[in-house]
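I have placed the structure first, in the form of structure tokens, so that the comments after it can refer back to it.
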Amino acid sequence: MKYRNYTLKDVAQDLGLSTSTVSRALRDSHEISEETKKKVLDYAAKIKFKINPIARSLKERKSQSIGIVVSEIANNFFSQIVNGIESVAHQKNYHVIISQSHESSEKEKMNIEHLASRSVDGLLISLSSETKNIDYIKELYSRGLPIVFFDRIPKNFNTFTIVSDNFQGAYKATEEFILSGKKRIAHLTNSKSLSITQSRLNGYKAALDKHNISFDEQLIQYCPYGGMHMDEINHALDHFMQEGFDSIFISGDRLTAGFLLATKEKNVAHDFPIAGFTNSDFIQLYSPKIMVIRQNAFEMGKTAAELLIKMIETKYPITEFEQIVLPVQHS
């Protein structure tokens with residue numbers, strides 16, 4: 001039997017009603033009698049009929065969908081953020097469309113422009129490590145597309161942003177090393193262009209400065225692609241081994257996992273403490289224990305979605321925005 005894709009017109013014709021009557025009945029309009037509503041709803045349930053979302057979006061100029069742009073969904077941190085976003089979106093009857101930049105500004109631009117062309121109602125964006133020019137995003141925003149940034153945020157963009165307390169997380173981890181007698185604390189971090197890189201580096205520097213330890217540029221290694229390529233982590237480890245270090249603070253989920261893998265493959269003795277930003281539960285299985293800086297990723301996604309939907313559904317333009325800073329946990 002050939003599949004039949006019922007339309008509103010088909011349902012109306014089958015029931016001997018007008019399309020407007022069927023449409024109002026499905027929307028539970030007070031203009032339609034309870035008897036007619038029951039007739040329409042019973043028949044719709046029987047044939048498993050659902051309103052065509054594309055047709056509805058064209059009529060209402062809303063797609064009931066939100067676009068999400070992250071570097072990679074395989075990252076524990078970002079997958080937990082998406083869970084938070086979905087928890088709110090589904091409750092508010094919004095669909096989510098997820099795209100990945102894989103730390104490529106070109107892919108990010110292509111994904112964002114594609115989502116905008118598909119008439120999503122708003123965008124939730126965490127910038128790629130390559131991103132420097134966001135003029136095209138500013139243009140979309142100026143044309144009325146609601147946009148909220150989370151985790152990796154741009155400068156001078158007048159919208160809601162949600163971040164972790166990156167400074168405090170880095171500061172506390174570095175200070176704990178110092179209080180235990182460590183003085184040559186290596187720092188493995190992300191691309192220089194990312195907001196999280198600068199915030200965490202500032203926290204690291206502040207802890208050194210408080211305890212009168214000179215900042216040594218040679219103990220900093222940047223990974224432009226955040227550890228997506230093992231060669232950048234291997235290069236950083238080789239550099240640290242040459243310079244000499246007694247502890248290491250790592251600024252990212254994938255970087256932490258990649259560094260542990262690199263030390264294992266190179267048979268590097270683990271006679272130094274490690275602290276790292278990570279949301280992976282598997283890190284807890286590592287011995288000796290790692291000082292974990294955990295971000296509230298689910299809450300970040302939940303908050304970002306709530307603020308975006310607020311922008312989408314507001315009857316009046318929002319002109320005052322804020323940055324939400326979520327605390328981190330050390331364990």
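Please state which one of Asn166, Asn158, Asn133 is of a type outside the set (A, V, I, L, M), touching a helix residue (DSSP H, G or I) at 6+ places or on another chain (Cβ under 9 Å) and within 25 Å of Val96 (Cβ to Cβ).
Just one listed residue meets the conditions, Asn158.
With in contact with an Asp or Glu (Cβ under 9 Å, 6 or more places away or on another chain), among the charged types (D, E, K, R) and under 22 Å from Cys223 (Cβ atoms) as the only criterion, which of Arg200, Arg184 stands out?
Arg184
Might you let me know whether segment 112-126 holds any residue that is in contact with a Leu (Cβ under 7 Å, 6 or more places away or on another chain), part of a loop (DSSP other than H, G, I, E, B) and farther than 22 Å from Leu326 by Cβ?
For segment 112-126, residues in contact with a Leu (Cβ under 7 Å, 6 or more places away or on another chain), part of a loop (DSSP other than H, G, I, E, B) and farther than 22 Å from Leu326 by Cβ: absent.
Has segment 229-239 got at least one residue that is more than 30 Å from Ser104 (Cβ to Cβ), charged (D, E, K, R) and either assigned by the TED database to the domain that holds Pro273 or under 18 Å from the mean Cα position of the chain (by Cα) (or both)?
The answer is no, given that none of the residues of segment 229-239 is more than 30 Å from Ser104 (Cβ to Cβ), charged (D, E, K, R) and either assigned by the TED database to the domain that holds Pro273 or under 18 Å from the mean Cα position of the chain (by Cα) (or both).
Only residues that are open to solvent by less than 10 Å² (accessible area, probe 1.4 Å) and either among the β-branched types (Val, Ile, Thr) or not assigned by the TED database to the domain that holds Ala304 (or both): list them for segment 83-104, please.
Scanning segment 83-104 gives Ile85, Val88.
Applying the selection to segment 167-190, what residues are under 21 Å from Leu260 (Cα atoms) and surrounded by fewer than 20 Cβ atoms within 10 Å (Cβ to Cβ)?
Glu176, Lys182, Arg184
Looking at segment 255-277, is at least one residue outside the structural domain of Ile73 (by the TED database), open to solvent by 20 Å² or more (accessible area, probe 1.4 Å), part of a loop (DSSP other than H, G, I, E, B) and on the phi > 0 side of the Ramachandran plot?
Yes, segment 255-277 has at least one match.
Of all residues being in contact with a Phe, Trp or Tyr (Cβ under 8 Å, 6 or more places away or on another chain) and open to solvent by less than 50 Å² (accessible area, probe 1.4 Å) in segment 152-165, which is nearest to Gly244 (Cα to Cα)? Just the residue, please.
By that ranking, first place goes to Val163.
Take segment 187-216 and flag every residue that is free of Cβ contacts under 8 Å to residues at least 12 places away in the same chain and under 30 Å from the mean Cα position of the chain (by Cα).
Within segment 187-216, Gln198, Lys205 qualify.
Go through (1) more than 24 Å from Lys266 (Cα to Cα); (2) in a helix (DSSP H, G or I); (3) open to solvent by less than 40 Å² (accessible area, probe 1.4 Å) one by one and return the number of the condition Lys205 breaks.
So the condition that Lys205 fails would be (3).
Taking the residues in segment 278-296 that are in a loop (DSSP other than H, G, I, E, B) and open to solvent by less than 20 Å² (accessible area, probe 1.4 Å) as candidates, determine which candidate is farthest from Met228 (Cα to Cα).
Ile290
So which of Glu322, Glu313 ends up being open to solvent by 90 Å² or more (accessible area, probe 1.4 Å), touching a residue at least 40 places away in the same chain (Cβ under 8 Å) and among the charged types (D, E, K, R)?
Only one candidate passes the filter, namely Glu322.
Name the single residue that is nearest to Ser280 (Cα to Cα) among those in segment 65-79 being open to solvent by 50 Å² or more (accessible area, probe 1.4 Å) and of a type outside the set (Val, Ile, Thr).
Asn76
I need the full set of residues from segment 231-244 which are within 21 Å of Asn202 (Cα to Cα) and open to solvent by 40 Å² or more (accessible area, probe 1.4 Å), in order please.
If the condition is that a residue be within 21 Å of Asn202 (Cα to Cα) and open to solvent by 40 Å² or more (accessible area, probe 1.4 Å), then no residue fits.
Among the residues in segment 198-206, are any assigned by the TED database to the domain that holds Gln80, among the basic types (Lys, Arg) and under 21 Å from Leu127 (Cα atoms)?
The answer is no; no qualifying residue exists.
Select from segment 127-147 the residues that are assigned to a helix (DSSP H, G or I) and hydrophobic (A, V, I, L, M, F, W, C) and write down the one among them that is most open to solvent (accessible area, probe 1.4 Å).
For segment 127-147, the residue satisfying everything is Leu140.
Determine which single condition Glu306 fails, assuming it passes every other condition in (1) open to solvent by less than 40 Å² (accessible area, probe 1.4 Å); (2) touching a residue at least 40 places away in the same chain (Cβ under 8 Å); (3) not basic (Lys, Arg).
Among (1) open to solvent by less than 40 Å² (accessible area, probe 1.4 Å); (2) touching a residue at least 40 places away in the same chain (Cβ under 8 Å); (3) not basic (Lys, Arg), Glu306 violates only (1).
Quick one: in segment 72-93, which of the residues that are assigned to a helix (DSSP H, G or I) and among the polar types (S, T, N, Q) is farthest from Ala304 (Cα to Cα)?
Here the answer is Asn76.
The values are calculated or read from the model by the stated rules, or taken from the named source; none is laboratory data. Nothing here was measured: the structure is a model prediction, and the numbers come from that model. Neighbour counts are summed over all protein chains in view; Cβ atoms, including those assigned to glycine, are modelled from backbone coordinates with ideal geometry. Keep in mind that these areas ignore ligands, DNA and RNA; they rest on the heavy atoms of the full protein, side chains included. Shrake-Rupley method; radii C 1.70, N 1.55, O 1.52, S 1.80 Å.
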